[in-house]
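The values are calculated or read from the model by the stated rules, or taken from the named source; none is laboratory data. Quantities reported herein were computed from a predicted structural model and do not represent experimental measurements. Here the Cβ is made from the backbone with ideal geometry for all residues, glycine too, and neighbour counts use every protein chain on show.
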Amino acid sequence: MIDKKKVMQALSTVQDPELGVDLVTLGMIEDVKIEGEHVHVTVALTIPGCPMKETMGNGVVSAVSKINGVKSVDFSFTTMSEEQKKATFAKAQKVREGGNTQQKEDPLKKLSGKDIKNVIAVGSGKGGVGKSMITSMLAVEARRQGNAVGVLDADITGPSIPTIFGQKGLLSAAKDGVSPRETKSGIKVVSMNLLMKDPSNPVIWRGPILSGVLKQFYNDVYWGKLDYLFLDLPPGTGDMPLTVMQVYPLDGFVVVTNPQELANLVVTKSMRMANELNVPLVGILENMTHLTCPGCGREIKVFGDSMVEKNCTEHGVRYLGGVPIDPEYAKACDKGVIEDVDMPRAIVDSFAIISGNSK
């Protein structure tokens, strides 16, 4: 007869991938039914649509199947009440703060050990300013200057880089790690969209898993020798940009904005965040400065008069120039042919500044 105690012992080896603690300790095993040689396990989830539930279910099957006498295993899920959820999170927090005796790696330990000369982050305090396009343009310009270049799409929940470079399909594993996709000009690209069979599916993970993936994109990818690795950051100053600034060996940070005063207000937060975390700030690059009328050639300031350059002067930060609104840029991004575009003057000048400060 199969012993329930042995089943629970086996289940204690299965972790919640997000909380990093085993299911038994967290109280997530709601029920175990043993019928002859068959075991059914019911797992209580913290949220009904937990994206990692199948991973946990497969872990349950793998662990319990190893018990002598077990011929088949299946699982089902229920959802915790708010009180149960709070208790589960409290247990996880207690374990992470030292409730177990296993030595844990410092989550803020700097990543290292790669043959990458310069790591440049491109970010903004808010979304919608075109930082993915700017990141891609800087990478293309760096490649045109004869450098070995990579682009890491750090916007895990809203990746754009594969589309901009015309990359589809799944990444492949190699002896030394995951192999990046190479664009037609030889730029190496890694993105969450290149790890999903259906890129239209949403990534609805919580912060700890997202931060772990960000580290894996650096540690578990075989980048080879690079002169520049550009990181396309998610917007804001939350968990994801914070993780990058704390653990990546950054050599520079380019902040992207547009002429809107609202954008400038939020961008100031990114500047101060970089300063507080001792990340070298390359400067501010202004996107969407104006639109040139195709009929008369007049410059139309779609977002009104810009205060970006003046604000840069007031803050003692370098103004890297402005990139105009150009329908050809948008078409190139949508069609995945950004490498065919003539780079605007501000991109050329910005990379000249970056390369002038390079290792």
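Just need a number here: residues in segment 212-236 that are in contact with a Lys or Arg (Cβ under 9 Å, 6 or more places away or on another chain), more than 14 Å from LYS131 (Cβ to Cβ) and either buried (at least 18 other Cβ atoms within 10 Å of the Cβ) or in contact (Cβ under 8 Å) with a residue 60 or more places away in the chain (or both).
Summing the residues that are in contact with a Lys or Arg (Cβ under 9 Å, 6 or more places away or on another chain), more than 14 Å from LYS131 (Cβ to Cβ) and either buried (at least 18 other Cβ atoms within 10 Å of the Cβ) or in contact (Cβ under 8 Å) with a residue 60 or more places away in the chain (or both) in segment 212-236 gives 10.
Within segment 326-336, can you find the residues that are in a loop (DSSP other than H, G, I, E, B) and within 27 Å of the chain's Cα centre (by Cα)?
GLY336
List every residue pair whose Cβ atoms lie under 7 Å apart, where the two residues are 6 or more positions apart in sequence or sit on different chains, the first residue falls within segment 32-43 and is acidic (Asp, Glu), and the second residue, located anywhere, is exposed (fewer than 15 other Cβ atoms within 10 Å of the Cβ).
Pairs that qualify, where the first residue is acidic (Asp, Glu) and the partner is exposed (fewer than 15 other Cβ atoms within 10 Å of the Cβ), are GLU37/GLY69; GLU37/LYS71; GLU37/SER72.
Tell me, which residue of segment 147-202 that is crowded, with 21+ Cβ neighbours inside 10 Å and hydroxyl-bearing (Ser, Thr, Tyr) is modelled with the highest pLDDT?
Taking the candidates together, the pick is THR183.
Checking the conditions here, which among VAL308, VAL279 is of a type in the set (A, V, I, L, M, F, W, C) and closer than 21 Å to ARG345 by Cβ?
VAL308
Can you tell me which residues in segment 330-349 are closer than 19 Å to VAL255 by Cβ and out of contact with any Asp or Glu (no Cβ under 7 Å at 6 or more places or on another chain)?
Answer for segment 330-349, where residues must be closer than 19 Å to VAL255 by Cβ and out of contact with any Asp or Glu (no Cβ under 7 Å at 6 or more places or on another chain): PRO344, ARG345, ALA346, ASP349.
With respect to LEU277, is the statement that it is assigned by TED's automatic domain parsing to the domain that holds GLN145 and buried (at least 20 other Cβ atoms within 10 Å of the Cβ) true?
Against the criterion (assigned by TED's automatic domain parsing to the domain that holds GLN145 and buried (at least 20 other Cβ atoms within 10 Å of the Cβ)), LEU277 does not qualify.
Among the residues of segment 279-299, are any polar (S, T, N, Q) and either free of Cβ contacts under 8 Å to residues at least 60 places away in the same chain or part of a loop (DSSP other than H, G, I, E, B) (or both)?
yes
So, in segment 47-77, of the ones that are touching a Ser or Thr at 6+ places or on another chain (Cβ under 6 Å) and not hydrophobic (A, V, I, L, M, F, W, C), which residue ends up modelled with the lowest pLDDT?
Filtering segment 47-77 for residues that are touching a Ser or Thr at 6+ places or on another chain (Cβ under 6 Å) and not hydrophobic (A, V, I, L, M, F, W, C), the one modelled with the lowest pLDDT comes out as PRO48.
Enumerate the pairs (first residue in segment 182-201 and touching a residue at least 12 places away in the same chain (Cβ under 8 Å) and of a type in the set (Lys, Arg); second residue anywhere and surrounded by 14 or more Cβ atoms within 10 Å (Cβ to Cβ) and not in a loop (DSSP other than H, G, I, E, B)) with beta-carbon separation below 8 Å, excluding pairs fewer than 6 apart on the same chain, so at least 6 apart or on different chains.
Pairs found: LYS184/GLU339; LYS188/VAL149; LYS188/GLY150; LYS188/VAL151; LYS188/ARG181; LYS188/LEU226.
For residues that are at pLDDT below 85 and either in contact with a His (Cβ under 7 Å, 6 or more places away or on another chain) or part of a helix (DSSP H, G or I) (or both), tally how many sit in segment 214-240.
Total meeting the criteria: 2.
Going through GLY158, GLY238 one at a time, which residue ends up being within 23 Å of VAL266 (Cβ to Cβ) and within 10 Å of the chain's Cα centre (by Cα)?
Result of the check over GLY158, GLY238: GLY158.
Restricting to segment 303-325, count the residues that are within 31 Å of the chain's Cα centre (by Cα), in contact (Cβ under 8 Å) with a residue 12 or more places away in the chain and not in a helix (DSSP H, G or I).
The qualifying residues number 12.
Confirm whether PHE303 is modelled with pLDDT under 90 and out of contact with any Ser or Thr (no Cβ under 8 Å at 6 or more places or on another chain).
Against the criterion (modelled with pLDDT under 90 and out of contact with any Ser or Thr (no Cβ under 8 Å at 6 or more places or on another chain)), PHE303 qualifies.
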